[in-house]
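Just so it is clear, none of the values below were taken in a lab; they were calculated from the coordinates. For clarity, every value in this text was computed on a predicted model and none was experimentally measured. Cβ sites come from the backbone with ideal geometry, for glycine too, and all protein chains shown count toward neighbours.
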Amino acid sequence: MATLTREQYDSIMFRYGQRQRDRLSEIESRRRRVYAAIPEYRKLDESVPTKAMDTLRARLSGGSEKDCRSEISQISAKKRSLLRMHGFPEDYLEVPCICPLCRDTGYVKGEKCVCFKKEEVRLLYDQSNVEILAKTACFENLSEEFYTGEALDNFKRARAAALRFVSTFGRDYRNLYFYGPVGTGKSFLSVCVAAKILEAGYSVLYFSAASMFDRLSSLCYDYRLREEYRSFTEDLHSCDLLIIDDLGTELPSQTVSAQLFTCINERALRQKATIISTNLSLEDLQKNYSDRVFSRITNGYELCKLTGKDIRLLKKVRTINGTNQKTRQTQS
Ligand SMILES: [Zn+2]
């Protein structure tokens, strides 16, 4: 992953500190509530350190620490039942960490936790768009109702390919190519996949083709940004999943074509998965880019064609009709 600046690193670590502080203060305020409601609970709490000292002393002197231990576990059971009796959940004082893997420290055994790496991607590349989309995009929300006939068959095939991609990710090396007219659900399918792969803890980069090539060309011609260019291309070539959305909406040029080839070729060499979505037909793909791009994609990607009416438009029409109906009802 490209390197964070000192400020970016500090801001991530500050947030981890904040999470830990928030959690501790939540535990503290719950404890106060419990103590106020159950004075006996407090007494039990206060007796535990003494018992723990007894255990330690017993261990050091070679005596029986078993008795002390069982006494402590009896106290815990008593505490749980007290909570229950007073209408608190048994685990009321166990406030979970946001990330149980690193317990909100950002590190696991000296290595950056997956949650840290996600945070890095967010800071380095603006991925807020895909995060927002991923919240609503899930396979369960994929509706067949907008497709009929051949379009429905195509949609089912594409969805099956996407599900296969998700379920075999990390084991099998696969790439997907969604193509078809505007509004047939290509990007939505890509985001559904992204959400699942992110959830599984992999690194995912999601770019619209226009913004990806923009960034590449603004970096590659400026020698002062050479380091940034190097780390950007490294991330493009090495992230677990790269999604290039709306290929063909960027300004076409030979440079773009070469950059696209380098990108998908490097990823193929490293066996890193890529998803491309586009409005371009296969003929246009061959015409707009090089033969090598065409051949790489048609040979190395599962080609999923989507057809049908523009869903976004259908939805809009439906909303308008819905509003009209409501207005009519209120009028009558
Ligand atoms: Zn973590």
Residues with amide H under 5 Å of Ile38's amide H, sequence separation 5 or more or different chain, H placed in the peptide plane at 1.01 Å from N; which? none
Output the 0 to 90 degree angle, nearest 10, between the alpha-carbon long axis of helix 186-199 and the longest principal axis computed from the alpha carbons of the chain. 30
Straight-line reach from Lys79: which lysines have a Cα under 25 Å away, not including same-chain ones fewer than 8 places off? Lys43, Lys51, Lys66
In nm, give the distance between the simple-model label positions of Lys112 and Glu266, each being 7 Å from the Cα along the Cα-to-Cβ direction. 1.7
Gln74/Leu142 FRET efficiency (R0 45 Å; Cβ-Cβ; nearest 0.05): 0.30
Can you put Arg69, Arg84 in order, fewest other beta carbons within 10 Å first? Arg84, Arg69
Here the range 43-60 yields Karplus 3J(HN,Hα) values (6.51, -1.76, 1.60; θ = phi - 60°; whole Hz; Gly and Pro given as x) of 4, 4, 4, 5, 7, 5, x, 4, 4, 4, 4, 4, 4, 4, 4, 4, 5, 5
In the chain, which cysteines lack any other cysteine Cβ under 4.7 Å from their own? Cys68, Cys97, Cys138, Cys192, Cys220, Cys239, Cys263, Cys304
Order of Arg296, Arg103, Arg226, Arg42 from fewest to most other C-beta atoms within 10 Å? Arg226, Arg42, Arg103, Arg296
Listed by chain and number, the residues whose amide H is under 5 Å from that of Val108, excluding neighbours fewer than 5 places away on the same chain and using placed H, are Cys113
Could you name the lysines in cross-link range of Lys109, using Cα to Cα under 22 Å and dropping any fewer than eight places away on the same chain? Lys117, Lys118
Give me, ordered by chain and number, the residues 5 or more places off Ile275 or on other chains with an amide H under 5 Å from its own placed amide H. Leu176, Leu242, Ile243, Ile244
For Arg226 and Val95 in one chain, what is 0.36 nm times their gap in residues minus the Cα-Cα distance, to one decimal in nm? 42.6 nm
Taking the Cβ of Ser29 as the center, what net charge do the other residues with Cβ under 13 Å away carry, scoring Lys and Arg +1 and Asp and Glu -1? +3
Within the set of other residues whose C-beta is less than 10 Å from the C-beta of Glu302, count the net charge using Lys and Arg as +1 and Asp and Glu as -1. +3
Arrange Thr148, Thr184, Thr249 by Cβ neighbour counts within 10 Å, fewest through most, would you? Thr148, Thr249, Thr184
Could you tell me which of rounded, prolate or oblate describes the chain, using a ≥ b ≥ c as the square roots of the eigenvalues of the alpha-carbon gyration tensor, with rounded for a/c under 1.5 and, failing that, prolate when a/b is larger than b/c and oblate otherwise? prolate
Determine ³J(HN,Hα), in whole Hz, for all residues of the range 279-287 in sequence, where each value follows from phi through the Karplus function 6.51 cos²θ - 1.76 cosθ + 1.60 and θ = phi - 60°; x replaces Gly and Pro. 8, 6, 6, 4, 5, 5, 4, 5, 5
Whole-Hz couplings from phi, Karplus 6.51/-1.76/1.60, listed for the range 28-41; x for Gly and Pro: 4, 6, 5, 4, 4, 4, 5, 4, 5, 7, 10, x, 5, 4
Quick one: how many lysine pairs does the range 126-314 have with C-alpha atoms less than 27 Å apart and a gap of 8 or more or different chains? Give me the count, please. 23
Pop a pseudo-label 7 angstrom from the Cα along the beta-carbon direction at both Lys156 and Arg32 and give the gap in nm to one decimal. 6.0
